[in-house]
Amino acid sequence: MTRTITRAVVAAGGAGTKMAPITRIFPKEMLPVGRTPILEHLVGELRAAGISDVLFVISSRKSQIASYFGSGAAYGMDFSYRIQDDGAGPGAPVLHAETWTQGQPFVLAFGDNLIRGAADGQEPLRRLVRSGSAECSVLTRLFLADNVPPHETLLGAAAPPITGTGPYDVAFGKDLLDHTGARWVHACAARWVLGAFVFEALRECPPRSNGELYLIDAVRRWISAGNELRAVPLLPTEFRFNCDNWETYADAVATLRASTPHAPTQQGASR
């Protein structure tokens with residue numbers, strides 16, 4: 001049975017050390033792309049996907065986020081905030097949201113990632129919410145296996161990218177989370193749909209050697225129990241920018257400026 005998803009958790013507590021020194025005083029998620037902060041692009045993405053209630057998990061150093069967005073009334077949405085200062089890895093914001101989700105499936109979005117669909121197409125997150133599983137789905141980006149950027153989380157082998165509008169999603173079971181010898185691979189693209197299973201799965205996961213808790217470890221544990229992960233890939237005409245470093249941030253500014261004809265030419269970076 002299809003379940004309507006109206007809640008989203010936005011993880012925005014990271015220290016932003018790769019973009020220091022500015023991130024010592026200003027959240028990386030609030031850096032502008034065009035005239036709009038990265039995080040406000042995400043709010044528009046959530047609203048287009050039918051999300052009405054958002055929980056921002058932020059650090060105590062990022063009070064600017066709550067000051068800027070407030071209650072969410074200006075967006076026709078309801079915003080809440082929780083503080084996470086433990087630095088316990090990408091799984092920690094999920095655990096902070098457990099009571100707030102009230103047992104309902106929810107979107108998890110990482111606030112420093114900007115995703116843009118084709119000008120004439122459906123937003124990728126909307127496609128994920130509508131076509132993915134309400135228990136465990138993830139937006140992915142396809143890479144050549146020998147050309148994957150550092151720090152990407154890989155899921156498994158992929159078919160070559162296709163043209164057109166899709167969908168061309170795939171279900172990963174415990175026997176398919178392997179990309180050994182693959183030419184193309186799926187990498188997580190910072191947008192998830194998760195069910196209530198994730199909280200117990202995270203609590204059962206031991207932290208890694210660096211002391212951090214990783215969402216993907218909990219998902220892999222869940223899959224090993226016989227469940228499936230639905231992957232919904234970005235189409236070739238869609239963009240994802242992980243703006244946790246200056247190079248990718250500049251690329252996002254340049255790309256979105258080029259795709260917005262009315263944008264002032266003096267603003268942003270250029271290629």
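For region 136-158, the set of residues classified as within 16 Å of Leu177 (Cβ to Cβ) and either modelled with pLDDT under 80 or not in a strand (DSSP E or B) (or both) consists of Ala145, Val148, Glu152, Thr153, listed by residue number.
In a residue-by-residue description of region 118-125, the property of being over 12 Å from Gly195 (Cβ atoms), of a type outside the set (A, V, I, L, M, F, W, C) and in contact with a Gly (Cβ under 6 Å, 6 or more places away or on another chain) applies to at least one position. Of the residues screened, Ala171 is one that is within 15 Å of Leu128 (Cβ to Cβ), surrounded by fewer than 18 Cβ atoms within 10 Å (Cβ to Cβ) and within 20 Å of the chain's Cα centre (by Cα). If you check Asn227 against the conditions, is it surrounded by fewer than 13 Cβ atoms within 10 Å (Cβ to Cβ), outside any helix (DSSP H, G or I) and either modelled with pLDDT of 90 or more or polar (S, T, N, Q) (or both)? The answer is no for Asn227. What single numbered condition from (1) surrounded by fewer than 17 Cβ atoms within 10 Å (Cβ to Cβ); (2) among the acidic types (Asp, Glu); (3) touching a helix residue (DSSP H, G or I) at 6+ places or on another chain (Cβ under 6 Å) fails to hold for Asp78? Result: Asp78 passes all but (3).
Residue-by-condition table, conditions (1) touching a residue at least 60 places away in the same chain (Cβ under 8 Å); (2) among the small types (Gly, Ala, Ser); (3) touching a His at 6+ places or on another chain (Cβ under 8 Å):
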{"residue": "Arg7", "(1), (2), (3)": "yes, no, no"}
{"residue": "Ala12", "(1), (2), (3)": "yes, yes, no"}
{"residue": "Arg24", "(1), (2), (3)": "no, no, no"}
{"residue": "Val54", "(1), (2), (3)": "no, no, no"}
{"residue": "Ser59", "(1), (2), (3)": "no, yes, no"}
{"residue": "Tyr81", "(1), (2), (3)": "no, no, no"}
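All of Leu213, Leu202 fail the test of being part of a loop (DSSP other than H, G, I, E, B) and crowded, with 18+ Cβ neighbours inside 10 Å, apart from Leu213. From the list Ala92, Ala73, Ala109, Ala88, the one residue that fits, being of a type in the set (A, V, I, L, M) and without any contact (Cβ under 8 Å) to a residue 24 or more places away in the chain, is Ala73. In region 162-201, what residues are at pLDDT below 90, small (Gly, Ala, Ser) and touching a strand residue (DSSP E or B) at 6+ places or on another chain (Cβ under 7 Å)? Residues satisfying the conditions are Ala171, Ala182.
The condition of being at pLDDT below 90, among the hydroxyl-bearing types (Ser, Thr, Tyr) and in a helix (DSSP H, G or I) holds for only one of Thr248, Thr255, Thr237, Thr260, that being Thr255.
Yes/no matrix, rows are residues, columns are (1) within 19 Å of the chain's Cα centre (by Cα); (2) modelled with pLDDT of 95 or more; (3) surrounded by 15 or more Cβ atoms within 10 Å (Cβ to Cβ):
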| position | (1), (2), (3) |
| --- | --- |
| Arg47 | yes, yes, yes |
| Phe56 | yes, yes, yes |
| Ser59 | yes, no, yes |
| Ile65 | yes, yes, yes |
| Gly70 | no, yes, no |
| Ala73 | no, yes, no |
| Asp85 | no, no, no |
| His96 | yes, no, yes |
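Taking into account only those residues within region 1-25 that are farther than 21 Å from Ala92 by Cβ and of a type in the set (Val, Ile, Thr), which is modelled with the lowest pLDDT? Here the answer is Thr2.
Can you find even one residue in region 11-27 that is closer than 23 Å to Glu123 by Cβ and assigned to a helix (DSSP H, G or I)?
Filtering region 11-27 down to residues closer than 23 Å to Glu123 by Cβ leaves 11-12.
Retained after the next criterion (residues that are assigned to a helix (DSSP H, G or I)): none.
Checked region 11-27: no residue is closer than 23 Å to Glu123 by Cβ and assigned to a helix (DSSP H, G or I).
Scanning region 22-45 for residues that are β-branched (Val, Ile, Thr) and closer than 11 Å to Gly111 by Cβ turns up Ile38, Val43.
The values are calculated or read from the model by the stated rules, or taken from the named source; none is laboratory data. Just so it is clear, the model here is predicted, and its values are computed rather than measured. With ideal geometry, Cβ positions are generated from the backbone for all residues, glycine too; neighbour counts draw on all protein chains shown.
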